[in-house]
1. If I compute solvent accessible area with a 1.4 Å probe over the protein chains, what percent of it on segment 191-282 is carbon and sulfur?
2. So if R0 is 56 Å, what FRET efficiency would W466 and A235 give, r being the distance between their Cβ atoms, rounded to the nearest 0.05?
3. State the extension gain, in nm to one decimal, for the chain segment bounded by A432 and V271, taking 0.36 nm per residue of separation less the distance between their alpha-carbons.
4. If R₀ is 22 angstrom, what is the calculated FRET efficiency for the pair A317 and R113, using the beta carbon separation as r and rounding to 0.05?
5. Could you give the length gained by full extension between A99 and E289, i.e. 0.36 nm per residue of separation minus their alpha carbon distance, to one decimal place?
6. For the pair L400 and F536, what calculated FRET efficiency results from E = 1/(1 + (r/R0)^6), where r is the Cβ-Cβ distance and R0 = 35 Å, to the nearest 0.05?
7. Report the label-to-label distance for K459 and A375 in nanometres (one decimal), using points 7 Å from each Cα along the Cα→Cβ vector.
8. With every protein chain present, what is the per residue accessible area of segment 280-323 (1.4 Å probe, Å²)?
Amino acid sequence: MAADVHADDRTWDDGLIARRARPDGGSSAPAVTSPWEDADHARLRARTFDGRWEGGWEDWAEGATRPRADGDDPLRERLRALRELVGLSRTRLDGEVLAEAGRVLEEAAARGRLSRTYTAVAVAGSTGSGKSTLFNTLAGFQLSETGVRRPTTSVPVGCVWEAEWDAGADGLLERLGVPPRARRRVQPRDPSLKGLVLVDLPDHDSAAPGHREQVDRLLKLVDAVIWVTDPEKYADAVLHERYLRPLAGHAEVTFVVLNQVDRLPADAVEVVMDDLRRRLDEDGMALGEHGEPGATVLALSALTGEGVDELRRSLGALASRRRAAELRMSADVDGAVGRLRPVYMVDTPQGPAGLTERAREDFEDRLAAAVGASAAGQTAERLWLRHAEQACGTPWARLLRWYETRRGCGERATAPAKAGEKAGEECGDAPAVARPVLAQAVRTLADEASVGLPRPWAKSVRDAAWRGAEGLPEALEEAIAGLGDETWEGTGGDGARDAGREPRLPRPRWWTAAACAQWLMLAVQLLGLYLLVDLFAGGPGRGGVWLPVGLLAGGATAGPLLAWCCRLAARGPARAYGMAKEHRLRRLATGWGQAWVLEPVAAELLRYREVREQYVIAAGGTDRA
């Protein structure tokens, strides 16, 4: 069973739109602005779109923009959802994909401005099928020209069974393009026919230029249609493939009439009717048999009047219910939504994955690797240990270390290609962002987030990720360069570090105590050396040779021993300092990656969820795949 659109909301909602925070994880800095964010993004939740309903048909027009109340017309809610669906998708899908849905909305708005009192029914058929004769028979007047000349009907002819003593049907006839000279109003003898507007169309297979275009245009505008065929052309491929099959979803407002049955033997009528029903079934058109909704199929003779009364009663029932326009529009919405299904729904067992927790964690880990967070932490740990050794080591070792550091950083400044990674660590250079690793992180995230999405929306998610990642390496490098973990000697206002300068780390108090002890040990050594030299120079030498030798040996031994102990004691703080450095770099990379990549991707997923929900409503709540 395919996943329901409302199922597992946590996968969609949990962390979709990331909190705008400082890139390093703090909360007091200004919000990070992503270059992806634009006016379209800002309007995501506004739900205000072009072309709101107009006119006076309360259910479809004015009511279409109001919140739905209990008992409201479902069609109005479906049209509202379709309009919102088109509005949310306009910048994400090709215009041709949404063209039919836009046409349906325009036609619904236009029909909604006209009176529901009238029901427009077209009489369509091929040349010689007798549709004009049937039209005249139903009207009771010779309104449409008949004869052997083909084609006979060149312009649509309208007959209105008045429902009220005003010009209520004029707007409908003008929309259909029926000229004033081709209109006729009659007072119905049968009250059920009040409000019926019957329109005789040109022949759909006419050789005259423009006739087929007129038929195709009017078939999209009328509320119902009577297809008139005859025993010779009822199986015509043009009729079935061009009209009946594409309009199979409009079965409830379709009449299929086999005319001229007076030309057939009595036993042949049922044979032809059975074959006609079989072909309609192959076209996918439901037949209104046994009280079920569907197309009405009748056999009649417009010339003799046989079966015409049954058609008239069916038309009267259609007109009296005043639901033909609603049924027609529902069928139009069904057709438009059905053709849009591939771009909104995918039949997958698990449904769209979205931004899962695992995908976010994997993206953050890859970002941390791209900025070298782990390596930077190890470097910071070694840097702490080196500074501890320098601060707590013997003065002789400190002097030698200082000389080696100065020489190494100087060589790197003059020949960076030969200096190597170790020199960079010693001089404290900021790590550069590994662009291939960052690109792989973005690619993996986009691919995982787009799993289970229709192709256009999967592409939209991937495009959003790559748009956000365009300037991310430079932004990360600039943010890393401005980190305030250390105070750099010789740092200019632009954050550039002078070669040969070392970071000045916070100095624990025990470093100072150890350094004082080392200087004391040096003083003891110097005192012992002085006494020894004085002894050999013939001085008094009151303590003998053992005192200066003891002082010299004790100072020389105690100094390195103290430095070794300090090195052991510095391992714990050095490790904590390195982990803090790694964690801060990771938080910084996560913050910028969230603002530049995760938020755009999450916004696209949220937009898709909204259009998916609107699609389900537009589909009548029946499509939950």
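1. On the way: 1950 of 3800 Å².
Carbon plus sulfur share of accessible area: 51 percent.
2. On the way: r = 55 Å, r/R0 = 0.98.
Using R0 = 56 Å, I get an efficiency of 0.55.
3. On the way: separation 161, 0.36 × 161 = 57.96 nm, distance 8.38 nm.
This chain segment gains 49.6 nm when fully extended.
4. Details: r = 26 Å, r/R0 = 1.17.
Efficiency at R0 = 22 Å is approximately 0.30.
5. Numbers: separation 190, 0.36 × 190 = 68.40 nm, distance 3.48 nm.
Extending this stretch completely gives an extra 64.9 nm.
6. Values: r = 28 Å, r/R0 = 0.80.
That pair, F536 with L400, gives E of 0.80.
7. It works out to 3.7 nm between the two label points.
8. On the way: 2360 Å² over 44 residues.
Ligands and nucleic acids excluded, the result is 54 Å² per residue.
The values are calculated or read from the model by the stated rules, or taken from the named source; none is laboratory data. Source: prediction; values computed, not measured. Positions of Cβ are backbone-derived with ideal geometry, glycine not excepted, and every protein chain shown enters the neighbour counts. For the accessible areas, the whole protein counts, side chains as well, though only heavy atoms, and no ligand, DNA or RNA atoms are used. Shrake-Rupley method; radii C 1.70, N 1.55, O 1.52, S 1.80 Å.
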